[in-house]
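Trainee: Mind having a look at this structure? Questions to follow.
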Amino acid sequence: MSSRLFEMPCVPCRGGVPPLAGAELDKFRDELDAGWRVIDGHHLEKEYTFPDFVTALAFINRVGAMSEEQDHHPDLYMSWGKARVQIWTHKIDGLTESDFAFAAKTEALYA
């Protein structure tokens, strides 16, 4: 896990800034743990696996609580033994540095 990204606060986007693109996306993606993908230059996504439904739900609940603390709200999906997290900044319909920070914080909740 990137300690630099993990330690960064999630800063609410006020709009008016361009989303990250190209080499910037690659640079930040390379700082994340394996499994995180940049999808269509638009959002981050990772699927986690668990031994059962209850463990997956507990993870989703931890991510949800952190989302409220960070004021940064991903799309969360879960099914038996699986959870998928999608992150982007809705205000600019793309990715910011804070999205990568949130991904690093999410990763810490899985450990």
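The numbers here are math on the coordinates, done by the rules we state, and not lab data. Predicted, not measured: the structure shown is a model, and the values here were computed from it. Every residue, glycine as well, gets a Cβ built from its backbone with ideal geometry; the counts of neighbours run over all protein chains shown.
Trainee: I need the full set of residues from the stretch 81-111 which are in a loop (DSSP other than H, G, I, E, B) and of a type in the set (Gly, Ala, Ser), in order please.
Mentor: Narrowing the stretch 81-111 to residues in a loop (DSSP other than H, G, I, E, B): 81, 88, 90-93, 95-96, 111.
If the condition is that a residue be in a loop (DSSP other than H, G, I, E, B) and of a type in the set (Gly, Ala, Ser), then Gly81, Ala111 are the ones that fit.
Trainee: Sticking with this one: Given the structure, is Thr49 in contact with a strand residue (DSSP E or B) (Cβ under 8 Å, 6 or more places away or on another chain), more than 26 Å from Pro12 (Cβ to Cβ) and hydroxyl-bearing (Ser, Thr, Tyr)? Break it down stepwise before answering.
Mentor: Details: in contact with a strand residue (DSSP E or B) (Cβ under 8 Å, 6 or more places away or on another chain): yes; more than 26 Å from Pro12 (Cβ to Cβ): yes; hydroxyl-bearing (Ser, Thr, Tyr): yes.
In short, yes.
Trainee: Considering only the stretch 1-73, give the helices (runs of 4 or more DSSP H) lying wholly within it that have at least 3 residues that are of a type in the set (A, V, I, L, M, F, W, C).
Mentor: Values: elements: 3-7, 23-30, 53-70.
It comes to 23-30, 53-70.
Trainee: In addition: Across the stretch 40-50, which residue is surrounded by the fewest Cβ atoms within 10 Å (Cβ to Cβ) among those that are more than 9 Å from Trp88 (Cβ to Cβ) and either of a type outside the set (Asp, Glu) or more than 12 Å from the chain's Cα centre (by Cα) (or both)?
Mentor: Residues of the stretch 40-50 that are more than 9 Å from Trp88 (Cβ to Cβ), as a first pass: 40-41, 45-50.
Still in the running and either of a type outside the set (Asp, Glu) or more than 12 Å from the chain's Cα centre (by Cα) (or both): 40-41, 46, 48-50.
Numbers: Asp40: 6, Gly41: 12, Lys46: 19, Tyr48: 20, Thr49: 10, Phe50: 18.
By that ranking, first place goes to Asp40.
Trainee: Could you tell me how many of the residues in the stretch 2-35 are exposed (fewer than 10 other Cβ atoms within 10 Å of the Cβ) and under 10 Å from Thr96 (Cα atoms)?
Mentor: 1
Trainee: Something else now. So for the stretch 97-111 (the condition being hydroxyl-bearing (Ser, Thr, Tyr), in contact with a Cys (Cβ under 7 Å, 6 or more places away or on another chain) and within 26 Å of Arg14 (Cα to Cα)), does at least one residue qualify? Reasoning before the result, please.
Mentor: Step one: list which residues in the stretch 97-111 are hydroxyl-bearing (Ser, Thr, Tyr), which gives 98, 106, 110.
Subset that is in contact with a Cys (Cβ under 7 Å, 6 or more places away or on another chain): 98.
Filter again for within 26 Å of Arg14 (Cα to Cα), leaving 98.
Yes.
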